[in-house]
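See below for the structure under consideration.
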Amino acid sequence: MLQMTHLSKSFGSVQVLRDINLRLEKGKVLVIVGPSGSGKTTLLRCINLLETPTEGEMSVGDLQLHFDQGTKLRKSDILALRKRTGMVFQSYHLFPHRTAVENVMEGLITVQKTDKNQARLQALEMLRKVGLEERAGAYPFQLSGGQQQRVGIARAIAMDPDLLLFDEPTSALDPELVGEVLNAMKALAAEGRTMVVVTHEMKFAEEVADKVIFMDNGLIVEEGTPEQVFRQSTNERTQAFLSRVKGNV
Amino acid sequence: MSDRQIQIFMESLLPLFKAGVAFTIPLALISFVLGMILALFTALARISGWKPLALIARFYVWIIRGTPLIVQLFIIFFGLPKVGIVIDPFPAAVIGFTLSVGAYGSETIRAAILSIPKGQWEACFALGMTRWQALKRAVLPQAARVATPSLASSFISLVKDTSLAATIMVTEMFQTSQQITATYYEPLLLYVEVALIYLLFCSVLSYGQARLERRFDRYHAI
């Protein structure tokens, strides 16, 4: 479903991703962990081209992209890629001027050109999935952080993407609200959705991930099952990081 | 006030209002609507990232903001005929005011667009929207809320600025008050009277602005 080969990304002279190689099969969940500044969010944002890699290859489904400095990507490729992916943001980025259900309808109407009534039905179904059907008419400011993030998830899955991307979806939440968001994500994983999740929730990673990547300094330092990375790692940097976030395991 | 003055005051009300309804209000309204369209495109040109277009927009804003409105009106109405471009008073005034509103309004709109968090664009892009769709569906509706108080002020200013059209032969309200003054020699009376009518018009607009802002308050910006 997702493959990256020799992918690199620089901001000016600062290299934030170095020679990234990874593969993710359909229906699997990949969790990316690592200290802040390790490049994990940039890696995630490269997948839907919110950041453009400077070098390398990437494929999502049947769409293949080649990056090198100087050549500009075709707009049609960018849009095609984004239609295959959905993203959930750390600070939700809901549309504040639209109600919960309108937030979920937005992509259906504007991008998929779904008829408004049909879009509303689909959106309500998505809200039901994340347990928020009865808050459909609420504006984002009337919702708790956890509820807002669940609307964010509903908005992403409404487009039925092949690949779901989560950028630290619980980092902005009060501790008591984290569970409801993680539960919604677990339900999606159980449905067999392909997911890439950047998170500090080690317990979630252990339970849900098929594959874990540990990143540091723009490199993939370690890669394996949660068991391999979290329990059996002998890598110094991995262990140092894990001992710092142990509270979350 | 003497009986004569009261009589002049009462008799002047109708012609002044007529001039207001026939010229001042249409002049302000037409110029504002056209000016807002111009302002939006100028703002978009400036943030488009396409250099030549941004440069043209900046040049236009520079010229209009750096020269007095009354001088611009004189150039359009008295100056252009020298090169064969003759424009009637009313359309000449519309052109002058539109250019002015467009330049100042573009700065307001540009600032409002830039005030919308980057995350709103990214949320749209992640859904597969184009830049134009993101602008139309998410950014401009939120920017409109931000820009409303400033743009409403511009509109109120414009209503008063239309009195400058008196200098290029538009028989709007102020011009009419001057004509009546010339007949009766009651400058204090007539100019206070016309000031009160401007005040009335602007008060209605302020009320409209408050209503509009309340409507936007149904959601909070995050």
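If the elastic network links every pair of Cα atoms under 10 Å, which of B:36, B:173, B:129 fluctuates the most in the Gaussian network model of chain B?
Greatest mean-square fluctuation among the candidates belongs to B:129.
Based on the Cβ-Cβ distance of residue A:62 and residue A:112, what FRET efficiency does E = 1/(1 + (r/R0)^6) give at R0 = 22 Å, to the nearest 0.05?
Plugging the Cβ-Cβ distance into 1/(1 + (r/R0)^6) gives 0.70.
Give me the Kirkwood hydrodynamic radius of the range B:3-221, using the inverse of the mean 1/r over all pairs of distinct Cα atoms, in Å to one decimal.
19.4 Å
If you wrap the range A:1-82's Cα atoms in a convex hull and average its projection over all directions, what's the area in nm²?
Averaged projected area of the range A:1-82's Cα convex hull equals 5.4 nm².
If you take the charge dipole of the range B:63-222 about its Cα centre, with +1 on Lys and Arg Cβ and -1 on Asp and Glu Cβ, which of B:177, B:94, B:153 is farthest toward its positive end?
B:153
What is the local net charge at residue A:214, summed over the other residues whose Cβ is closer than 12 Å to its Cβ (Lys, Arg +1; Asp, Glu -1)?
After counting each charged neighbour, the total is -1.
To check you understand DSSP bridge types, tell me what percent of the beta bridges within the protein assembly as shown (both residues inside) are antiparallel, rounded to 5.
55 percent
Computed on alpha carbon atoms, what radius of gyration and Dmax characterise the protein assembly as shown, expressed in Å?
30.2, 104
Can you report the principal axis dimensions of chain A using only the alpha carbons, biggest first, rounded to whole angstrom?
52, 45, 31
The range B:104-206: D in µm²/s via Stokes-Einstein (Kirkwood Rh, Cα pairs, 25 °C, 0.890 mPa s)? Please list the in-between numbers first.
On the way: Rh = 16.7 Å.
The diffusion coefficient I find is 146 µm²/s.
Mind putting a number on the dipole of the range A:48-92 about its Cα centre? Charges go on the C-beta only, +1 for Lys and Arg and -1 for Asp and Glu, and I need it in Debye to the nearest 20. Walk me through the numbers on the way to the answer.
On the way: 6 positive and 6 negative charges, 64 e Å.
So the magnitude is around 300 debye.
At 222 nm, what helix-only mean residue ellipticity would the protein assembly as shown give, in deg cm²/dmol to the nearest 500, using -39500 (n - 2.57) for each DSSP H run of four or more?
Counting only the DSSP helices, I get -17500 deg cm²/dmol.
Provide the descending list of Cα extents for the range A:126-249 along its principal axes, expressed in whole angstroms.
Projected onto the principal axes, the Cα atoms of the range A:126-249 cover 51, 29, 24 Å.
Exceeding 21 Å between C-alpha atoms, which entries from my cross-link table qualify? They are A:113/B:136; A:129/A:211; A:9/B:136; A:72/B:51; A:72/B:136. Before the final figure, lay out the partial values.
Working: A:113/B:136 15 Å; A:129/A:211 25 Å; A:9/B:136 31 Å; A:72/B:51 18 Å; A:72/B:136 25 Å.
A:129/A:211; A:9/B:136; A:72/B:136, as the Cα separations exceed 21 Å there.
Using Cα atoms only, what is the angle between the long axis of helix B:3-19 and the major principal axis of chain B, expressed in degrees (0 to 90) to the nearest 10?
The angle comes out at about 40 degrees.
Values quoted throughout were computed directly from the atomic coordinates according to the rules given, and no laboratory measurement underlies them. Quick caveat: nothing in here was measured; it's all calculated off a predicted structure. No Cβ is skipped: glycine too gets one built from the backbone with ideal geometry, and neighbour counts run over all protein chains shown.
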